[in-house]
Structure formats: C-alpha cells, structure tokens
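To start, the structure under review is shown below, and the notes come after it.
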Amino acid sequence: MGRRMDTPPALTLPAATGGGRNGAVFRLTLGFIALVILTFAGVEGWRAWRDYQQAFAQANDTVVNLARATAQHAEDAIRQVDVLTDALGERIEGDGLDHLDVPRVHALLVQQAAIMPQLDGLYIYGPDGRWVVTDKDIAPESANNADRDYFIYHRTHDERRVRIGEVVRSRSTDQLIIPVSRRLDNPDGTFAGVLLGTVRVSYFVDFYGDFKIDDKGAIVLAMRNGRILVRRPFIPGITEQSLAQSEIFRRYLPLSDSGVAQIKAVVDGTDRLYGYRALSRYPLVVEAGLSRESFVGPWRRGVIKTVLFLLVLIAGLSGFGFIVLSQLRQRMVMENALLQAHRAMEEMALTDSLTGLGNRRRLDLVLEQEVGRARRQGYCLAMIMLDVDYFKRFNDRYGHSMGDECLRQVGAVIRQTLKRPADLAVRYGGEEFTVLLPDTTSTGASQIAEALLQAIRALHIEHADHPLGFVTASAGIATCLPMSDVVTPVGLIKAADAFLYMAKNNGRDRWHSALGNSTLEPFAAPPS
C-alpha cells in the first residue's frame, strides 16, 4: 500500500507548562525535605557509630590495663613466696630435717609470715606428711598432710620447681588458701618432705575489690588448666569450677598469651569484654572483664535521646513539609483541572460536533505540521477530499435531520476505515470530508479512497433522488513529495479539491487522482 504503520500521531497539542513546573516544585520540595532528614539521620548515625567506637576503645583499654595490673600483682605475690620457699628449702636441705633447729626455724617462719601479707602460713612436712615446724604457735594433734594433692605430687615427682595447687581449705586456719609448695630432698636425692607456703584467697579478693569496675564486671585468677583460684565477685563454690571450656581458654590462649575477647562468661552467662593475660613465670591466667552493658548502656541511652530528638525534628519537618506539599498538591489539582478544562475546550474547538471527526481548524493545524515533517523526513503526503453525492437532493427529500444522520454514518465509516493513529479525518464543511494520510504514496492513497467509497456504499442509505437509489460519495486524491518549499498546505488542498471536481464531472461515485481514476465499476442499485 505504500504506507508505514508506525507513523506517530499527526496532532501535537501545545504542552502545558504550568503542571510541569508545579510537579517539579513538588518533587524539589519533597526531595529537599527528604535530603534534610537523611542528612540529619546520616550525621547522627555517624556520630553514634563514632561514640560506640570510642566507648568500645575505652573499655578495651580498661580491660587491658586491668589484666596487666592483676597479672603483675599475682606474679609478684607468688614470686615472693617462691623466693622465700626457695631460700628456706636450700637452708633446710643443707641442715637436714633430722638436725633441724625447730625453735629457730619456727621464729624465722613467724617473721617471714608477718612480712608477707598474702601468706596464711608456712609449713614444713616430713616424708610421712607429719608437721615438722610451722609459723603457728600450736600444731593440731596428729596433724598430717600426706593426703593433700601437693604432698602426693612432690612425693612422686622429683621436680624441684615451685608448684601452685588448687584452692583448698586450711586445716589450721580454716581459710581458703592457694598452696605454693616445693619438694625437699635428702642429700642422696630421696624424698625428704614438703615446704609449703599458703596464700590466702581473701588477699586477692580484697585486692580485686579495690578496682572500680561495674557491678557485672569480673576479675578472675585461674590456673592454666582452667581451674578457678580467685574471682571477683567471689561466690561460694567458685573455686571448684573450671574455665577450661570457655572461649578464652579454648580459642584465644592457644594462639596468644594476652589479648582482648568479647564473649559470654561460662560462670554466670554475662556478656563481657575481657582482657586476658597468662603469667610469664607461673602457670596462671588472669581475666579482667567489663560487662558489655557497662559501656554499651550509656551509649545506647545517648542514642535513644538522639533518636527521640531526631523523631521530634523529623515530625516537625514532616509537618511543615505536609503543609507545603498539601498546598502544592491543591494548586496542582486546580491547575490540572483548569488544564483539563482547557484541553476539553480546545478539543471541542477542533472537533466537529455532528460527526465527532476533526473540523477545518484541526486540519489547518495538522496539515501545517505534516507538511513540515514530510519536508524534513522526505516522505510522501497524501490528501483525499471526499464529497457525498447529491446531498442537497437528500436534504430536500428527507429533511435536515435525516441529512445529519447520513453525515454521522458517513463520518463513522471513515473513522473505522482509517487504521493508523497518524491518519486524520475531518469534516471540511457541509457534506465534504477530508482525509490526511502522512507517509502514503499515490497508490496507497487510491486504495484508501476506494475502501472509503465502498464502505459508504455498504451503508445502503436510501437516496431516492440518486441514480443508484442509495448514498455514494466522490473523492479527489492529491499526493506530493514536499522536497522543497514549493508544496504548501493550501496548494495540497486545492489539488485534492480539483481532482474531486473531476470525479464529480466524470459521473460521481468514484475517485480521481493524478494517476487516474476508479477502475471499478460503480455498484448497481440494490434490489427493492
């Protein structure tokens, strides 16, 4: 047919700028409010994160310093007993237990025990576990410590180093003590007994109590195997528990002798930040922990205050924004209503009220645009001028009311015959119609004209004053390739009107163009 089906709609109404401006202002206002809220939230979020990092770093430094201080204290306390028992052991082994000056040694033990506040007592046991001499003035009758773990260990091991044992209750003072013991040998290397210094658990408990940590904090002194020696807060039975399955002993200590770990305590299930340190000289480990709540709690309360402030601020900005946006929305609604009314009036002004097709004014607007577009893109532009045959006779016989109905039906079939959105059909005036076909050759236009004439014939509208007895139409087709400014809208209309005149002069019910005229014979009158 020589017609492209993707041609854009012919009519382009003037764009309304008021709604676009209001929409832009609406979006700009909404975006500004959102940006302010996001900026406040972002700044406060960054500050909250920074404060958390600072709180965590401060807590980290605190537990590291606590662990270092408690480790140093524990090592000093044990080393003093180690040095003392080493000197005493060398002297006792030199004199021999059989030649021991008991009163003199007793006085020495009393003197040393008084010097060291951590000591609960000093004891010398013979190879059978009997008490040979102590710092106590009175020894229990039948006193024998051969059943103690430390005594059994030294009797069966020839190790000469000091040994730190698990917490036991002293048989002389009834205090919980940490036994610090070493083996005594005879000159021939056989087992001669045990020299024991006992360190009070309460000494460490009192020392740890001086540290200012939170109520849920904890300080622990434990053996390397995990057995607890001292803990703050101290609870009955705590020395019988072990930390061997805790994360610090399982995961951290095998990799490093000191560090920081955030874990849940196995003793009471509290989440804490622990600083831990293994003693360098003795098989002991200290842990100093602050509850997570102690440093996260104040930070959280600060965040809550900030969030409440932000909520109030956001509520205020949202309220202000709601008012502004509501005003803008109302203005947009009003302008849209005015725009719709304007478009409706414009559409009415461009539409034929009888047929619903476009009117002469619409054709004038669109034709100017299509001529320019065809000139720019270099395609053909066709126009069909169509006139209802013997329409004056129809009106005279049937009246204007039936004449209007006839024109309505003709306009309807013209609209139905045209398939492309770009094709424009208008009522040019009276019984005359015009069809504008962008991007259509003469061949394509003649096929459209033939289809239009056949569709009008198919209506079979009675017309007694027509030679055929029913309504028909004639058409003139003008086609041009507007490659220059020679082609004008007026020229195209005049050409189509001239070919229409030729079709009427040649017998009506046909079309005529520069290529020729209808090749089909006119329809015969339908049977009566």
Quiz prompt | Candidates Pro254, Pro187, filtered to the one that is farther than 16 Å from Ile78 by Cβ and touching a residue at least 40 places away in the same chain (Cβ under 8 Å) | solution = Pro187
Self-check item: Set Leu84, Leu100, Leu122: member being modelled with pLDDT under 90 and under 21 Å from Arg183 (Cα atoms)
Solution: Leu100
Self-check item: Looking only at the range 239-254, and only at residues there that are open to solvent by less than 20 Å² (accessible area, probe 1.4 Å) and of a type in the set (Ser, Thr, Tyr), the one that is farthest from Gly275 (Cα to Cα)
Solution: Thr239
Exercise. Read through the list (1) under 27 Å from His73 (Cβ atoms); (2) in a helix (DSSP H, G or I), then give the number of the only condition that Glu159 fails.
Key: (2)
Practice problem: Scan Gly302, Gly297, Gly259 and give me the residue that is under 35 Å from the mean Cα position of the chain (by Cα), closer than 30 Å to Lys212 by Cβ and part of a strand (DSSP E or B). | Solution: Gly259
Exercise. Determine whether the range 190-208 contains at least one residue that is open to solvent by 30 Å² or more (accessible area, probe 1.4 Å), outside any strand (DSSP E or B) and at pLDDT below 90.
Key: no
Practice problem: Within the range 461-510, count every residue that is among the hydrophobic types (A, V, I, L, M, F, W, C), closer than 13 Å to Val371 by Cβ and assigned to a loop (DSSP other than H, G, I, E, B). | Solution: 4
Quiz item: Which residue out of Arg169, Arg161 is free of Cβ contacts under 8 Å to residues at least 24 places away in the same chain, surrounded by fewer than 16 Cβ atoms within 10 Å (Cβ to Cβ), under 20 Å from Pro283 (Cα atoms) and of a type outside the set (Ser, Thr, Tyr)?
Solution: Arg161
Practice problem: Under 9 Å between Cβ atoms, at least 6 apart or on separate chains: pull out the pairs that start in the range 35-52 with a residue that is on the phi < 0 side of the Ramachandran plot and end on any residue that is loosely packed, with under 13 Cβ neighbours inside 10 Å and not in a helix (DSSP H, G or I). | Solution: none
Quiz item: Can you pull out the residues in the range 74-126 that are free of Cβ contacts under 8 Å to residues at least 40 places away in the same chain and either among the acidic types (Asp, Glu) or on the phi > 0 side of the Ramachandran plot (or both)?
Solution: Asp76, Glu90, Asp95, Asp98, Asp101
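The values are calculated or read from the model by the stated rules, or taken from the named source; none is laboratory data. Quantities reported herein were computed from a predicted structural model and do not represent experimental measurements. We place every Cβ from the backbone using ideal geometry, glycine too, and count neighbours over all the protein chains shown. Ligands, DNA and RNA are excluded from the accessible area calculation, which covers all protein heavy atoms including side chains. Shrake-Rupley method; radii C 1.70, N 1.55, O 1.52, S 1.80 Å.
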